[in-house]
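Participant: Can you read through this structure? Questions will come right after.
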Amino acid sequence: MITVLYEVCDHVATLTLNRAESMNSVNPEMIEALLEASSCAASDPGVRAVIVRGTGRNFMAGGDLKWFREQAALSPKGCRARFENLIGSVQATVLKFKCMDKPVIAAVHGAVAGFGLSLMLAADLALASENTYFTMAYSNIALSPDGGATWSLPRLTGLKKAMEIALLGERFDALQATKLGLINRVVPPEELDAEAMKLARRLAAGPSEALARTKALLNQSFDNSFASQLLAEQQLFLDSSAHPDFVEGLTAFLEKREPIYGKN
C-alpha cells in the first residue's frame with residue numbers, strides 16, 4: 001500500500017496521507033514516505049507550492065498506537081531504538097517543511113492529533129474544515145511532544161496557553177484554533193480541497209524567490225535581535241531587487257496587469 005500519495009499539478013505538489021483505515025496515523029512506513037515526498041517537492045524546481053492533506057475522514061490522528069504497543073513489548077533498549085528511528089524521520093520531515101524555500105499549506109479535517117498537530121504547525125499556512133478537532137494527545141499516553149510542537153505552539157499561543165494545550169491534552173475545535181492563531185481559515189468540509197488548491201496556485205504563480213526570502217525572514221525573526229533582523233532584511237531586499245521578478249512585478253503593477261513570474 002502506498003502510504004503517501006504524491007502528485008504535481010500546476011506547479012503545486014500535493015502530499016496526501018493515505019492510511020485512512022488507521023486515521024492516517026503515523027508508522028515507520030508512512031513517515032519515511034512523507035520524508036521522501038517532502039524532499040522531492042523541496043528539490044523539484046517545477047514545484048512552487050506544496051499542500052499536505054489526508055484521505056478519509058481525518059488528517060492525522062497522531063502515532064499508530066498498535067505499532068506503539070508492539071514496540072512497548074520489546075526490551076527497553078529495543079523499544080528505544082525503534083522509536084529513535086521513527087522520531088528521527090519525524091523531525092527530519094518537519095525540518096524539511098520549515099526549511100524548504102516554498103510555501104507549505106496544510107489542509108486539515110477531522111482528527112488533527114499528536115504528530116498531526118505538529119505537522120500542521122510546521123506548515124506555513126493552514127486551512128481547516130469546520131468539522132476539525134485538535135488535541136496534542138501526547139500526555140494522554142504518557143509521552144512528551146515531538147515534531148517541533150514545543151517550538152511552534154508557544155510562539156503562536158503564548159507560553160501559558162501552550163502549557164494548557166500540551167499538559168492537559170484536551171480537544172478544541174476549529175473556531176478555537178483560529179482564535180489561538182493555529183490556523184488561517186475555516187471552510188466548509190466540501191470546499192477544503194478546492195480552497196487549498198486555490199491558495200496554492202496563487203502562491204505558485206507568485207514571485208517564488210521573494211516568497212522564499214520572506215518565509216526565511218519570518219522563521220528566523222524569533223532568534224534574531226532587532227538589529228540582526230534589519231541587516232537580514234536589507235540583504236534579502238537587495239537580493240530580491242536584483243532578480244528579474246522585481247522588474248516584472250513593478251512593470252505589471254504600473255501597467256495595471258497581472259504579473260507573469262518565472263519567465264527568466
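The values are calculated or read from the model by the stated rules, or taken from the named source; none is laboratory data. This is a predicted model, so every value here is computed, not measured. All Cβ positions, even for glycine, are placed from backbone atoms using ideal geometry, and neighbour counts span all protein chains on display.
Participant: Can you tell me which residue is nearest to the chain's Cα centre (by Cα) among those in the stretch 219-229 that are free of Cβ contacts under 8 Å to residues at least 24 places away in the same chain, assigned to a helix (DSSP H, G or I) and exposed (fewer than 11 other Cβ atoms within 10 Å of the Cβ)? Break it down into steps so the answer makes sense when it comes.
Facilitator: Taking the stretch 219-229 and keeping what is free of Cβ contacts under 8 Å to residues at least 24 places away in the same chain, we get 220-221, 223-229.
Adding the requirement that they be assigned to a helix (DSSP H, G or I) leaves 220-221, 223, 226-229.
Adding the requirement that they be exposed (fewer than 11 other Cβ atoms within 10 Å of the Cβ) leaves 223, 226-227.
Working: Asp223: 20, Phe226: 27, Ala227: 29 Å.
The selected residue is Asp223.
Participant: What are the residues in the stretch 58-97 that are modelled with pLDDT under 95, under 30 Å from Leu175 (Cα atoms) and of a type outside the set (A, V, I, L, M), if any?
Facilitator: Scanning the stretch 58-97 gives Gly62, Gly63, Asp64.
Participant: State which residue is surrounded by the fewest Cβ atoms within 10 Å (Cβ to Cβ) when the search covers only the stretch 137-194 and only residues that are hydroxyl-bearing (Ser, Thr, Tyr) and under 20 Å from Asn58 (Cα atoms).
Facilitator: The initial filter retains those residues of the stretch 137-194 that are hydroxyl-bearing (Ser, Thr, Tyr), namely 138-139, 144, 150, 152, 157, 178.
Next, only the ones that are under 20 Å from Asn58 (Cα atoms) stay: 138, 178.
Values: Tyr138: 24, Thr178: 15.
The qualifying residue surrounded by the fewest Cβ atoms within 10 Å (Cβ to Cβ) is Thr178.
Participant: Only one residue in Phe134, Phe97, Phe83, Phe68 is outside the structural domain of Leu236 (by TED's automatic domain parsing), of a type in the set (Phe, Trp, Tyr) and under 21 Å from Leu217 (Cα atoms), so which one is that?
Facilitator: Details: Phe134 fails: under 21 Å from Leu217 (Cα atoms); Phe83 fails: under 21 Å from Leu217 (Cα atoms); Phe68 fails: under 21 Å from Leu217 (Cα atoms).
Among Phe134, Phe97, Phe83, Phe68, only Phe97 is outside the structural domain of Leu236 (by TED's automatic domain parsing), of a type in the set (Phe, Trp, Tyr) and under 21 Å from Leu217 (Cα atoms).
Participant: Looking at Arg213, is it assigned by TED's automatic domain parsing to the domain that holds Val47 and among the basic types (Lys, Arg)? Steps first, answer last, please.
Facilitator: Details: assigned by TED's automatic domain parsing to the domain that holds Val47: no; among the basic types (Lys, Arg): yes.
It is false that Arg213 is assigned by TED's automatic domain parsing to the domain that holds Val47 and among the basic types (Lys, Arg).
Participant: Go through the stretch 42-62 residue by residue and tally those that are aliphatic (A, V, I, L, M), outside any strand (DSSP E or B) and crowded, with 24+ Cβ neighbours inside 10 Å. Let's see the steps before the verdict.
Facilitator: Looking only at the stretch 42-62, we keep the residues that are aliphatic (A, V, I, L, M), and these are 42, 47, 49-52, 60-61.
Applying the additional criterion that residues be outside any strand (DSSP E or B) yields 42, 47, 61.
Filter once more, so that each one left must be crowded, with 24+ Cβ neighbours inside 10 Å: 61.
Residues in the stretch 42-62 being aliphatic (A, V, I, L, M), outside any strand (DSSP E or B) and crowded, with 24+ Cβ neighbours inside 10 Å: 1 in total.
Participant: Now, a different point. Which residues, taken from the stretch 158-179, are in a helix (DSSP H, G or I) and either more than 22 Å from Gly110 (Cβ to Cβ) or of a type in the set (Lys, Arg) (or both)?
Facilitator: Residues of the stretch 158-179 in a helix (DSSP H, G or I): 159-168, 174-179.
Within the stretch 158-179, Leu159, Lys160, Lys161, Ala162, Met163, Glu164, Leu167, Lys179 meet the criteria.
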